[in-house]
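S.K.: Sharing a structure below in structure tokens format, with a few things to ask.
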Amino acid sequence: MHRFLLALTLVAMPLLSQAIEEPDHEVIRSFDNVELRQYAPYVVAEVVLDASPEDAGNQAFPILAGYIFGKNKGEKKFAMTAPVTQTAAPMRMDMTAPVTQAATADGMRVQFVLPKGVTLATAPEPIDPRVQLREVPAGTWAVIRYSGTWSQANYLEHLGELKATLQAAGVATQGEPVLARYNAPFTPWFLRRNEIWLAVR
């Protein structure tokens with residue numbers, strides 16, 4: 001298993017190192033270490049796994065990477081984009097905007113953003129039935145950015161900071177928090193770009 005993950009990482013490395021395309025968004029307000037962003041709609045490939053927040057990303061990566069590297073009807077390959085997101089599943093129906101990583105008894109939802117210009121009509125059908133395609137509607141998100149490891153302690157520290165900042169600013173949110181990761185696992189922890197998103201009510 002470790003050899004498989006190492007091989008997959010080496011194959012993905014050239015693509016992940018160039019993962020610069022992100023969903024279109026506009027920063028509409030900034031305060032302290034938080035941004036309010038308005039995101040345009042975009043399409044994702046996603047998988048829901050019965051896994052902990054710590055394990056979900058590692059388990060989802062080979063499944064979703066398989067889809068974008070050609071394991072689909074038509075064998076179409078996509079460039080890697082950013083971020084890879086993770087959130088609790090099931091997602092609440094009133095949630096409107098990019099979703100990425102968090103935990104519930106029903107598992108974790110992990111998403112790869114597909115490149116700009118890809119629609120549900122043009123995206124190739126996945127071969128793996130665990131992979132689902134979905135359009136994420138436009139929405140406003142409150143975002144905090146931080147570096148460091150993907151540990152639960154680091155995540156909870158910055159989630160607390162985000163919530164406190166939003167409460168002080170009088171910004172109401174809804175739904176589950178989203179963990180967005182912009183770098184490959186081999187990126188040194190001090191160079192990683194991590195974000196937590198909360199949907200603005």
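The values are calculated or read from the model by the stated rules, or taken from the named source; none is laboratory data. Note that this is a predicted model, so its numbers are computed, not measured. Reconstructed Cβ throughout: ideal geometry from the backbone, glycine too, with neighbour counts over all protein chains shown.
S.K.: Among the numbered criteria (1) farther than 12 Å from residue 35 by Cβ; (2) more than 15 Å from the chain's Cα centre (by Cα); (3) surrounded by 20 or more Cβ atoms within 10 Å (Cβ to Cβ), which one does residue 176 miss?
M.R.: Condition not satisfied by residue 176: (2).
S.K.: Does region 153-160 include one or more residues that are touching a Pro at 6+ places or on another chain (Cβ under 7 Å), closer than 23 Å to residue 23 by Cα and modelled with pLDDT of 95 or more?
M.R.: Yes, because at least one residue in region 153-160 is touching a Pro at 6+ places or on another chain (Cβ under 7 Å), closer than 23 Å to residue 23 by Cα and modelled with pLDDT of 95 or more.
S.K.: What's the total number of residues in region 113-163 that are within 20 Å of residue 183 (Cα to Cα), out of contact with any Lys or Arg (no Cβ under 9 Å at 6 or more places or on another chain) and of a type in the set (Ser, Thr, Tyr)?
M.R.: Counting residues in region 113-163 that are within 20 Å of residue 183 (Cα to Cα), out of contact with any Lys or Arg (no Cβ under 9 Å at 6 or more places or on another chain) and of a type in the set (Ser, Thr, Tyr) gives 2.
S.K.: Sort out which residues of region 17-45 are among the acidic types (Asp, Glu) and at pLDDT 95 or above, and write them in order of number.
M.R.: Selection gives 26, 35.
S.K.: Might you check whether a residue that is surrounded by 14 or more Cβ atoms within 10 Å (Cβ to Cβ) and at pLDDT below 90 occurs anywhere in region 112-131?
M.R.: No, every residue in region 112-131 fails to be surrounded by 14 or more Cβ atoms within 10 Å (Cβ to Cβ) and at pLDDT below 90.
S.K.: Same structure again: Got a sec? Which strands (runs of 3 or more DSSP E) wholly within region 17-90 have at least 2 residues that are more than 21 Å from residue 135 (Cβ to Cβ)?
M.R.: Because the criterion is at least 2 residues that are more than 21 Å from residue 135 (Cβ to Cβ), the strands (runs of 3 or more DSSP E) in region 17-90 that meet it are 25-31, 34-39.
S.K.: Considering 168, 121, which residue is without any contact (Cβ under 8 Å) to a residue 12 or more places away in the chain, more than 16 Å from residue 83 (Cβ to Cβ) and outside any helix (DSSP H, G or I)?
M.R.: Within the list 168, 121, the selection yields 121.
S.K.: Here is a list of conditions, (1) modelled with pLDDT of 95 or more; (2) over 26 Å from residue 186 (Cα atoms); (3) of a type outside the set (S, T, N, Q), and residue 91 meets all of them except one; can you say which number that is?
M.R.: Against the list (1) modelled with pLDDT of 95 or more; (2) over 26 Å from residue 186 (Cα atoms); (3) of a type outside the set (S, T, N, Q), residue 91 comes up short only on (1).
S.K.: Please tell me if residue 134 is touching a Pro at 6+ places or on another chain (Cβ under 8 Å) and either crowded, with 18+ Cβ neighbours inside 10 Å or within 21 Å of residue 68 (Cα to Cα) (or both).
M.R.: Taking the combined requirement at face value, the residue does not satisfy it.
S.K.: OK, next. Scan region 171-201 for residues that are in a loop (DSSP other than H, G, I, E, B), basic (Lys, Arg) and either touching a helix residue (DSSP H, G or I) at 6+ places or on another chain (Cβ under 9 Å) or under 16 Å from residue 58 (Cβ atoms) (or both) and report the count.
M.R.: Qualifying residue count for the region: 1.
S.K.: Quick one: how many residues across region 30-77 are crowded, with 20+ Cβ neighbours inside 10 Å and among the hydroxyl-bearing types (Ser, Thr, Tyr)?
M.R.: 3
S.K.: Same structure again: Please verify whether residue 11 is of a type outside the set (Asp, Glu) and at pLDDT 95 or above, treating the condition exactly as stated.
M.R.: no
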